[in-house]
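Peer 1: I am attaching a structure below and will ask some questions about it afterwards.
The values are calculated or read from the model by the stated rules, or taken from the named source; none is laboratory data. The structure presented is a predicted model; accordingly, all values stated were derived computationally and were not measured. Glycine gets a Cβ as well: all are built from the backbone with ideal geometry, and neighbour counts include every protein chain shown.
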Ligand code: NAP
Ligand code: ZN
């Protein structure tokens, strides 16, 4: 690999299996870094994109927005990173960097639009390519350093799943004395449980079966609620300060809104293909409904610091990049515990990390 081309796995159309594909990296701009990837997590957003749940895409798509790797090149104006440093990139690959949101460190809400790490057409026409690949070139504003104490594969999911649950919990006032429920204990949800626990809340894991009940306390849940069981739901009637929904499928929200205290918060981050039912009478007790989109680079850094302090890392299954199609099928079937991370170059990580926790 020269560094100007990258090997990847790409989807060439909706619902198609990913295939090996070599693509041209975009020219390294003065503010860009190039990284060689060691690992990349599989987010359910990758599945929605590949399966056409979110409509037409700029095919071919190279998915992956939980990238961990090492800097191989830096543009002339980059001062934040050096060659050889461990870096991560999440779901955002670019923004205008000029609007009021970008200027106030909320790049994820850029007024010109959110440009993803993959599938986004940049102003020069280049379509961004994600982390199911060997190399990435990205503006250095959207890369972050990874704290030493977290292993590379366990850090990868923090870049999307971690920040996507941390940001709404923080905005809703998650903390000591609050009862917080996380709906859907998948890649996002299991980190939501860990983070809400670290923020000091009383945490309830809300799941669609009993299959995750035994493990939930190890993740940091104080209680478990199988939300398909009406008797269990009754016990938690009007008791939550915050509910965070991370479910990837459409849901009837009625039963969940009944669980929230007056003045409480319902935050949604799940992005299923169909609309969700939202009955007006269910949120008349001054319940705030909000949604968030990942988090900004500075919020990602803040979340990583919290994770380092509380020894929080994702619970993962590692699979090889070549097995990506089977791994995607496991996610479609809700089988992973709790995030699959694709190994792209484990030897690179070993060389850089030496004796440290891999
Ligand atoms: P995931 O690992 O597949 O987890 C989703 C969880 O949803 C499952 O583990 C399952 O939890 C629950 N679930 C799935 N199907 C269900 C059904 N039919 N009924 C009830 N519950 C069901 O997915 P993820 O990677 O965490 O992503 C979750 C969602 O967040 C996706 O829609 C993704 O696109 C979205 N997302 C949004 C943002 C954002 O910025 N807003 C960022 C990243 C991802 P239980 O087994 O516990 O029920
Ligand atoms: Zn994601």
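Peer 1: With respect to residue 91, determine if the residue is closer than 19 Å to residue 340 by Cβ and either touching a helix residue (DSSP H, G or I) at 6+ places or on another chain (Cβ under 6 Å) or more than 16 Å from ligand 1 (Cβ to nearest atom) (or both).
Peer 2: Working: closer than 19 Å to residue 340 by Cβ: yes; either touching a helix residue (DSSP H, G or I) at 6+ places or on another chain (Cβ under 6 Å) or more than 16 Å from ligand 1 (Cβ to nearest atom) (or both): no.
In short, no.
Peer 1: Only one of 192, 181 is crowded, with 24+ Cβ neighbours inside 10 Å, under 21 Å from residue 216 (Cβ atoms) and within 16 Å of ligand 2 (Cβ to nearest atom); which?
Peer 2: Sole residue among the options that is crowded, with 24+ Cβ neighbours inside 10 Å, under 21 Å from residue 216 (Cβ atoms) and within 16 Å of ligand 2 (Cβ to nearest atom): 192.
Peer 1: If you scan segment 22-44, which residues turn out to be part of a strand (DSSP E or B) and under 13 Å from residue 324 (Cα atoms)?
Peer 2: Answer for segment 22-44, where residues must be part of a strand (DSSP E or B) and under 13 Å from residue 324 (Cα atoms): 39, 40, 41.
Peer 1: Take residue 324 and tell me if it is touching a helix residue (DSSP H, G or I) at 6+ places or on another chain (Cβ under 7 Å) and either touching a residue at least 12 places away in the same chain (Cβ under 8 Å) or surrounded by fewer than 16 Cβ atoms within 10 Å (Cβ to Cβ) (or both).
Peer 2: The answer is no for residue 324.
Peer 1: Let me ask something else about it. Restricting attention to segment 9-21, does a residue exist that is within 26 Å of residue 337 (Cβ to Cβ), in a loop (DSSP other than H, G, I, E, B) and touching a strand residue (DSSP E or B) at 6+ places or on another chain (Cβ under 7 Å)?
Peer 2: Yes, some residue in segment 9-21 is within 26 Å of residue 337 (Cβ to Cβ), in a loop (DSSP other than H, G, I, E, B) and touching a strand residue (DSSP E or B) at 6+ places or on another chain (Cβ under 7 Å).
Peer 1: Looking for whichever is modelled with pLDDT of 95 or more and either outside any loop (DSSP other than H, G, I, E, B) or over 21 Å from the mean Cα position of the chain (by Cα) (or both) here; the options are 69, 113. Which one fits?
Peer 2: 69
Peer 1: Let me ask you something else. Got a sec? Which of 231, 305 is farther than 30 Å from residue 153 by Cβ and either under 20 Å from the mean Cα position of the chain (by Cα) or away from ligand 1 (no atom under 14 Å from the Cβ) (or both)? Reasoning before the result, please.
Peer 2: Working: 305 fails: farther than 30 Å from residue 153 by Cβ.
Selected residue: 231, the only one of 231, 305 that is farther than 30 Å from residue 153 by Cβ and either under 20 Å from the mean Cα position of the chain (by Cα) or away from ligand 1 (no atom under 14 Å from the Cβ) (or both).
Peer 1: Then there is this: Determine which single condition residue 203 fails, assuming it passes every other condition in (1) within 16 Å of ligand 2 (Cβ to nearest atom); (2) touching a helix residue (DSSP H, G or I) at 6+ places or on another chain (Cβ under 6 Å).
Peer 2: For residue 203, the exception is condition (1).
Peer 1: Further question on the same structure: Any idea how many residues of segment 336-354 are under 14 Å from the mean Cα position of the chain (by Cα) and assigned to a helix (DSSP H, G or I)?
Peer 2: We begin by selecting, within segment 336-354, every residue under 14 Å from the mean Cα position of the chain (by Cα); these are 338-341.
Adding the requirement that they be assigned to a helix (DSSP H, G or I) leaves none.
The total comes to 0.
Table: residues versus (1) in contact with a helix residue (DSSP H, G or I) (Cβ under 7 Å, 6 or more places away or on another chain); (2) within 25 Å of residue 19 (Cα to Cα); (3) outside any loop (DSSP other than H, G, I, E, B).
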site	(1), (2), (3)
136	no, yes, yes
148	no, no, no
154	no, no, yes
167	yes, no, yes
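Peer 1: Could I ask something else about it? Which residue out of 105, 12 is over 22 Å from the mean Cα position of the chain (by Cα), touching a residue at least 12 places away in the same chain (Cβ under 8 Å) and surrounded by fewer than 14 Cβ atoms within 10 Å (Cβ to Cβ)?
Peer 2: Of the residues listed, the single one that is over 22 Å from the mean Cα position of the chain (by Cα), touching a residue at least 12 places away in the same chain (Cβ under 8 Å) and surrounded by fewer than 14 Cβ atoms within 10 Å (Cβ to Cβ) is 12.
Peer 1: While we're looking at this one, here's another question. Does segment 285-335 hold any residues that are out of contact with any strand residue (DSSP E or B) (no Cβ under 7 Å at 6 or more places or on another chain), outside any helix (DSSP H, G or I) and under 20 Å from residue 141 (Cβ atoms), and which are they?
Peer 2: Passing the criteria: 293, 295, 296.
Peer 1: Looking at segment 195-218, which of its residues are surrounded by fewer than 22 Cβ atoms within 10 Å (Cβ to Cβ), more than 11 Å from ligand 1 (Cβ to nearest atom), outside any loop (DSSP other than H, G, I, E, B) and touching a residue at least 24 places away in the same chain (Cβ under 8 Å)?
Peer 2: Result: 197, 198, 202.
Peer 1: So which residues in segment 281-310 are under 25 Å from residue 336 (Cα atoms) and out of contact with any helix residue (DSSP H, G or I) (no Cβ under 9 Å at 6 or more places or on another chain)?
Peer 2: Hit for segment 281-310 is 308, nothing else.
Peer 1: I would also like to ask the following. Could you identify the single residue in 252, 214, 241 that is closer than 23 Å to residue 176 by Cβ and out of contact with any helix residue (DSSP H, G or I) (no Cβ under 7 Å at 6 or more places or on another chain)?
Peer 2: Selected residue: 241, the only one of 252, 214, 241 that is closer than 23 Å to residue 176 by Cβ and out of contact with any helix residue (DSSP H, G or I) (no Cβ under 7 Å at 6 or more places or on another chain).
Peer 1: Still on this structure, please answer the following. Name the residue that is nearest to the chain's Cα centre (by Cα), counting only residues in segment 45-64 that are within 16 Å of ligand 2 (Cβ to nearest atom) and in a loop (DSSP other than H, G, I, E, B). Walk me through it before giving the result.
Peer 2: Within segment 45-64, the first condition is being within 16 Å of ligand 2 (Cβ to nearest atom), and the residues that meet it are 45-51, 53-54, 57, 61-64.
Applying the additional criterion that residues be in a loop (DSSP other than H, G, I, E, B) yields 51, 53-54, 57, 62-64.
Numbers: 51: 18, 53: 18, 54: 17, 57: 20, 62: 16, 63: 13, 64: 10 Å.
Only one residue fits best here, namely 64.
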